[in-house]
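Let me begin by presenting the structure, written as structure tokens, before commenting on it.
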Amino acid sequence: MKKNYKIFYVMFVLCLVTFLVGCDVLDLWDNSNGSNSSSTSGSNISTPTVSTLSYSNLTETSVVLKGKIVSTGGENPYRVGICCEDITINESLGCFYKSGTFNVGYTFEIKSFNNLISGHQYKYRAYAVNSAGTAYGGYMYFTTPSSTEISAPTGVSASDGTYADKVKIAWNSVSGATHYKVYRADASNDPKTALSSWQTSTSYNDYDVTPGNSYYYWVKAATNSSGANASDYSLYNIGYAKKVTQQYTLTTEVTPYGTGYVTPSSGTYDEGTGVTVIAHPYSDYNFDYWSGDYSGNSSLSSTTITMYSDKVLTAHFIAKLKAITDAYYNLTNTTVDIYGMIENNGSHSAHTIGWYVEDIYTGEVDSAFDYGDFGPGSYYAYVNELKPNTPYRYRFFAENDEDTSYGSWKYFTTYNY
């Protein structure tokens with residue numbers, strides 16, 4: 001009797017552990033499909049009523065199976081579970097359960113069926129246990145998806161400065177794939193960050209970019225929006241958004257109008273660009289000075305402008321020194337008064353004026369000079385010791401610090417008496 005007591009005690013402990021821990025139940029399969037009801041003698045307690053619910057989260061190798069307590073039978077079940085069988089190979093996967101106290105309407109999930117075989121058909125049913133016995137729900141069925149190997153996308157292309165606000169990534173569609181996900185990194189060996197969810201489009205616009213910075217992009221393919229059968233990463237492609245440089249406008253002007261021109265006359269330039277501007281006077285004028293947004297020596301006809309803002313530059317021109325040979329007066333056989341005029345003296349007064357007188361027969365040239373400070377006006381010289389009845393020519397000139405100007409030749413012939 002003592003030995004039998006020990007055996008009974010061990011069996012009792014094993015049953016208690018099984019009840020409290022919750023593990024694989026001994027195979028509860030029978031050939032019935034639905035409730036397996038009974039009642040306890042002398043009481044109103046009967047087996048509970050349980051419903052088998054639709055599965056969820058089905059993959060090639062796992063599934064979540066569900067059941068629901070419809071009726072307690074007068075006593076809350078203390079165990080609920082799911083039993084599952086691989087119909088394709090006629091093999092039971094056993095039953096998994098939960099222990100506790102379960103009320104009417106309680107819905108339970110069993111997530112332990114995670115060693116399934118892709119492409120196999122399975123059947124399952126829920127069960128619940130109270131003191132009156134075990135009740136089963138009806139059978140439901142599912143088939144795991146077949147394993148599908150998806151190739152990595154090809155033709156991945158990221159735009160190179162095409163857009164200022166984004167990088168556009170595009171790729172070829174993959175046979176058997178329905179969804180794609182884009183990844184990015186700052187370097188080829190940096191961790192990849194997913195930019196998109198699983199999408200059906202074969203292009204993606206990345207707006208979270210810094211213009212001018214380069215980024216590395218990869219794409220994966222999959223067979224559904226959850227990323228099933230995801231491919232390896234594609235080869236990467238580098239892309240960047242166009243860096244937009246601030247630009248400024250240069251405008252040039254000339255005063256007085258019609259006295260010269262400036263190159264370049266105007267233009268738009270990137271920030272920080274140095275632009276060399278040159279003033280070109282027309283033939284009767286000299287460059288005088290720059291005004292406006294000039295830099296450097298304003299009296300030099302060439303200056304460089306650095307574009308950090310819009311600039312307006314004005315070139316000032318001034319008429320050149322201009323000497324004019326004027327008429328002669330009081331002509332005799334040996335003397336004459338010859339005149340000249342300074343029409344413009346440019347930016348400086350003339351410091352020298354004079355005349356050249358040439359004997360046309362002999363080519364002999366005589367001259368007369370005067371020094372001082374000569375502005376616009378008329379000047380003359382008295383010439384004597386000329387030869388009677390002789391042709392001569394003469395012209396006036398003036399000189400300042402910038403130019404020497406000559407008037408045209410004029411002619412006279414001395415009298416013969």
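The values are calculated or read from the model by the stated rules, or taken from the named source; none is laboratory data. Fair warning: this is a prediction, and the values are worked out from it, not measured in the lab. Reconstructed Cβ throughout: ideal geometry from the backbone, glycine too, with neighbour counts over all protein chains shown.
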**Asked** Which condition number in (1) in a loop (DSSP other than H, G, I, E, B); (2) in contact (Cβ under 8 Å) with a residue 60 or more places away in the chain; (3) not acidic (D, E) is the one that T251 fails?
**Response** (1)
**Item:** Pairs with Cβ under 8 Å, 6+ apart, first in segment 294-317 and part of a loop (DSSP other than H, G, I, E, B), second surrounded by fewer than 19 Cβ atoms within 10 Å (Cβ to Cβ) and of a type in the set (V, I, T)
**Value:** S295/T304; S295/T306; G296/T304; S301/I278; M307/T273; M307/V275; D310/T249; D310/T251
**Asked** Taking interchain pairs and intrachain pairs at least six residues apart, which have beta carbon atoms under 8 angstrom, with the first residue in segment 393-417 and under 30 Å from S299 (Cβ atoms) and the second among the acidic types (D, E)?
**Response** F396/D326; S405/E399; G407/D326
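Residues checked against (1) assigned to a loop (DSSP other than H, G, I, E, B); (2) of a type outside the set (S, T, Y):
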residue	(1), (2)
P145	yes, yes
T154	yes, no
Y163	yes, no
I169	no, yes
V174	yes, yes
A177	yes, yes
**Asked** Can you find even one residue in segment 255-263 that is closer than 26 Å to D401 by Cβ, touching a Ser or Thr at 6+ places or on another chain (Cβ under 8 Å), assigned to a strand (DSSP E or B) and assigned by TED's automatic domain parsing to the domain that holds I305?
**Response** yes
**Item:** Sole exception among (1) at pLDDT 95 or above; (2) among the hydroxyl-bearing types (S, T, Y); (3) surrounded by 13 or more Cβ atoms within 10 Å (Cβ to Cβ) for S54, by number
**Value:** (3)
**Prompt:** Cβ-Cβ below 8 Å, separation at least six or inter-chain, first residue in segment 255-284 and surrounded by 15 or more Cβ atoms within 10 Å (Cβ to Cβ) and modelled with pLDDT under 95, second β-branched (V, I, T) and in a loop (DSSP other than H, G, I, E, B): which pairs?
**Reply:** P281/T259
**Fill in**
Looking across segment 238-273 at residues that are of a type in the set (S, T, Y) and touching a His at 6+ places or on another chain (Cβ under 7 Å), the single one that is nearest to K166 (Cα to Cα) is T263
**Asked** Do you know which of the residues in segment 95-121 that are among the polar types (S, T, N, Q) and either without any contact (Cβ under 8 Å) to a residue 40 or more places away in the chain or assigned to a loop (DSSP other than H, G, I, E, B) (or both) is surrounded by the most Cβ atoms within 10 Å (Cβ to Cβ)?
**Response** S112
**Message:** Condition first: without any contact (Cβ under 8 Å) to a residue 24 or more places away in the chain, over 60 Å from the mean Cα position of the chain (by Cα), exposed (fewer than 13 other Cβ atoms within 10 Å of the Cβ) and more than 24 Å from N416 (Cβ to Cβ). Can you find one or more residues in segment 325-343 that meet it?
**Reply:** no
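Quick one: which of Y136, Y124 is of a type outside the set (G, A, S), crowded, with 19+ Cβ neighbours inside 10 Å and touching a Lys or Arg at 6+ places or on another chain (Cβ under 7 Å)? Give the derivation first.
Working: Y124 fails: touching a Lys or Arg at 6+ places or on another chain (Cβ under 7 Å).
Just one listed residue meets the conditions, Y136.
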**Fill in**
Residue set A315, A368, A381; condition out of contact with any Leu (no Cβ under 8 Å at 6 or more places or on another chain) and assigned by TED's automatic domain parsing to the domain that holds Y261; output residue A315
**Request:** State which residue pairs qualify: first residue farther than 19 Å from N389 by Cα and touching a residue at least 60 places away in the same chain (Cβ under 8 Å) and inside segment 347-365, second residue of a type in the set (V, I, T) and crowded, with 16+ Cβ neighbours inside 10 Å in any location, beta carbons under 6 Å apart, and separation of 6 or more residues or different chains.
**Result:** S347/I318
**Prompt:** In the list T88, T107, T72, which residue meets the criterion of being more than 30 Å from G227 (Cβ to Cβ) and either in contact with a Lys or Arg (Cβ under 7 Å, 6 or more places away or on another chain) or not aliphatic (A, V, I, L, M) (or both)?
**Reply:** T72
